[in-house]
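Heads up: the structure comes next, in structure tokens.
The values are calculated or read from the model by the stated rules, or taken from the named source; none is laboratory data. Only a predicted model underlies this, so the values are computations on that prediction, with no experimental measurement involved. Here the Cβ is made from the backbone with ideal geometry for all residues, glycine too, and neighbour counts use every protein chain on show.
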Amino acid sequence: MHLIVSSRDFVNALTPHLQIIPKRTSLPLLQSLLWEMEDEGKLKITSTDLEVSLTTVAGVGMGSLFQTGEKHRTLVPAIKMFEIMKVLSHDEVHIETRPDNTRISIKAGNGSYQIATAKPEDFPWLLIMPVSLPQ
């Protein structure tokens, strides 16, 4: 998966999840975000603390490695990802997962970061009820 995002917009997409992510937990996977790429240009981001869960959708650009119809999932450390994206001031940030889904690389300008990921199958699944908020 190869995504192209604006660091400012992506920080805005990650911020609500920081309210859900527990600061201390006996289950470290709760401090991760589940990323699911199913539709072109839409990244579904899910977080949970086992009592409350949040799912948002962020608009992203697709890099050349994304195949139309490809479904890709990965588990990314939330705080680390947020802190990296927050210090980047670039309009174009490239996020790419390795084929074995063990790392993501983040590239912007002259900077490059590597973050270890976890298996998305390990994310704790809850019964999620869709809720529409009044406009």
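Asp49 satisfies every condition listed in (1) of a type outside the set (A, V, I, L, M, F, W, C); (2) surrounded by fewer than 16 Cβ atoms within 10 Å (Cβ to Cβ); (3) in contact with a helix residue (DSSP H, G or I) (Cβ under 9 Å, 6 or more places away or on another chain) except (2). Here the range 105-121 is the region considered, the condition is being surrounded by 13 or more Cβ atoms within 10 Å (Cβ to Cβ) and closer than 27 Å to Val52 by Cα, and the residue that is modelled with the lowest pLDDT is Pro120.
Scanning the range 20-61 for residues that are in a loop (DSSP other than H, G, I, E, B) and in contact with a strand residue (DSSP E or B) (Cβ under 8 Å, 6 or more places away or on another chain), we see that the one that is nearest to Ile95 (Cα to Cα) is Val60. Residues in the range 19-46 that are buried (at least 16 other Cβ atoms within 10 Å of the Cβ) and acidic (Asp, Glu): Glu36 only. When the residues of the range 89-112 are filtered to those that are outside any strand (DSSP E or B) and free of Cβ contacts under 8 Å to residues at least 60 places away in the same chain, the one that is nearest to Ile4 (Cα to Cα) is Gly109.
Is it true that Thr102 is surrounded by 11 or more Cβ atoms within 10 Å (Cβ to Cβ), at pLDDT 80 or above and within 23 Å of Asp9 (Cβ to Cβ)? For Thr102, the condition - surrounded by 11 or more Cβ atoms within 10 Å (Cβ to Cβ), at pLDDT 80 or above and within 23 Å of Asp9 (Cβ to Cβ) - is not met.
Looking only at residues of the range 43-90 that are at pLDDT 85 or above and basic (Lys, Arg), we find that the one that is nearest to Phe10 (Cα to Cα) is Lys86.
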